[in-house]
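Peer 1: There's a structure below that I have some questions on.
Laboratory data are not the source of any read-out in this text; all were calculated from the coordinates shown. Note that the structure is a prediction, hence the values are computed from the model and not measured. In this analysis, Cβ positions are derived from the backbone assuming ideal geometry, glycine residues included, and neighbour counts consider all displayed protein chains.
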Amino acid sequence: MSTATITAADINKLRQATGAGMMDCRKALTETNGDFEEAIDWLRKKGAKVAALRGDREAKEGVVIARTTADNKTGIAFSVSCETDFVSKNSDFVAFAQSIGEAAIQNNVKSVDELNNSTVNGARIADMINDKLASIGEKIGVTKFERIDADYVASYIHGANRIGVLVGFNRPVTDAGKDIAMQIAAMNPVAVDADSVPAATIERERAIVTEQIKADPKMEGKPAEMISKIADGKLNAFFKEQTLLAQVYVKDGAKSVADYLKGVDSTLKVTQFKRVALG
C-alpha cells in the first residue's frame, strides 16, 4: 500500500478544522495515511480537544438560502458557494441566490441536478451560474442541497445568510418554528433524539470514547465490563449534548428543548430537520 504524502497545507487544514496542535495534526495524518476524517477520529481517540464541526468542516464563502412553499409543506435549503467574502456580501450576488431559491420552490426540485436544470425567466440556472462566474471571476456553484417534506415546515436564516435551517413538524406552528430553528442553528444537533441518531454515528462515538477510557492510566487492567459501562455513560452524555430534544434550550437554560415543546403543546413534535452552513 502506498503511503500518502503529508503536506504543510494538509496539516494546516486539519489544524484549522480541529484546533489541535501542529505536531498532533502531523501525527494524525501520518497514522491515517492522509485520510482527513480518520485523522479527526484519531485525534479524538488520543484525547485531543477537537471541535465538533461535522458538516461545517468545509471552509467556503457564499450565501445560504432556506425557503418553504406557500403551504409550508415543503422546505428547501442550499448554499451558493463562492471564493471570497467580498462576493458573498455583494447585494447582487445575494439577489442572484434568492432568485435560485425562488426557482427551486416553483419547480419543486428534489436535487442539485434538478435545480441546475431549472429556469429563471427562461434561462437555465446552470447557464446563469456560468455567466455569473465569467462576470465576477470566481468559481461559484450550488452546493449542500437539502429538502424536507412534512405536515408543516419552518425555515430560518441566521447570520447574514451563513446558516439555513429547515424544521419539519407534525402540525402547523407559529413562534415555536423559529425558536426550534434558532436552536438548531446555534447548537447543531446530530439528530432529533437518541433513537434517530444513525447507527454509524453511535458506533463511531462508542469507538472513540472507548479508546479514550482505555488510554486513561487509571483504567489499566480494568475489566471490559467496567469499560463498557463507562462508555455507555459517555454515550448518554453525547446524546444529551448532541440530540435536539435533550439539549438545553438556548432561550431558557432551565429547560430542555423537549420541555419547551411540551410547554407549547404536548402533541407538537419535531419530525426532522436539516441545517446548511457555510464554513
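Peer 1: Would you work out the charge dipole size for the stretch 61-185 about its Cα centre, treating the Cβ of every Lys and Arg as +1 and the Cβ of every Asp and Glu as -1, and quote it to the nearest 20 debye? Walk me through the numbers before you get to the answer.
Peer 2: Values: 12 positive and 16 negative charges, 31 e Å.
So the dipole magnitude of the stretch 61-185 works out to roughly 140 debye.
Peer 1: Place a +1 charge on the Cβ of each Lys and Arg in the chain and a -1 charge on the Cβ of each Asp and Glu, then give the dipole magnitude about the Cα centre in debye, rounded to the nearest 20.
Peer 2: Values: 37 positive and 38 negative charges, 114 e Å.
The dipole magnitude comes to about 540 debye.
Peer 1: For the stretch 191-277, calculate the relative contact order in percent as a whole number, restricting contacts to Cα pairs under 8 Å that are 6 or more residues apart. Walk me through the numbers before you get to the answer.
Peer 2: Values: 64 pairs, mean separation 27.5, N = 87.
So the answer I get is 32 percent.
Peer 1: Something else about it: Which lysines have a Cα lying under 21 Å from the Cα of Lys46, excluding residues fewer than 8 positions away in the same chain?
Peer 2: Straight-distance partners of Lys46: Lys13, Lys27, Lys214, Lys218, Lys222, Lys229, Lys234.
Peer 1: Let me ask another. Specify which residue in the list Ala277, Ala160, Val250 is farthest towards the positive end of the charge dipole of the stretch 153-279, using unit charges on the beta carbon of Lys, Arg (+1) and Asp, Glu (-1), about the Cα centre.
Peer 2: With unit charges placed on the Cβ atoms, the residue in question is Ala160.
Peer 1: Another one. Given H placed on each backbone N at 1.01 Å, which residues far from Glu83 in sequence or on other chains put an amide H within less than 5 Å of it?
Peer 2: Result for Glu83 returns Lys139.
Peer 1: Okay, helix-only estimate at 222 nm for the chain: each DSSP H run of n ≥ 4 adds -39500 (n - 2.57), divide by all residues, round to 500 deg cm²/dmol; what do you get? Walk me through the numbers on the way to the answer.
Peer 2: Details: 11 runs with 125 residues, N = 279.
Result for the chain, helices only: -13500 deg cm²/dmol.
Peer 1: While we're here: Would you pull out the residues with amide H under 5 Å of Tyr156's amide H, same chain only if 5 or more places away, H placed 1.01 Å from N?
Peer 2: Under 5 Å from the amide H of Tyr156 lie the amide H atoms of Val165, each far enough along the sequence or on another chain.
Peer 1: For a bin width of 5 Å, list the pair-distance distribution of the chain built from all Cα-Cα distances, rounded to whole %.
Peer 2: All Cα pairs, binned at 5 Å, distribute as 1, 5, 11, 13, 14, 14, 14, 12, 8, 5, 2, 1, 0, 0, 0 percent.
Peer 1: On to the next question. Let me know the volume per residue of the alpha-carbon convex hull for the stretch 61-185, in Å³. Please list the in-between numbers first.
Peer 2: Values: hull volume 11.9 nm³, N = 125.
Roughly 95 Å³ of hull volume per residue.
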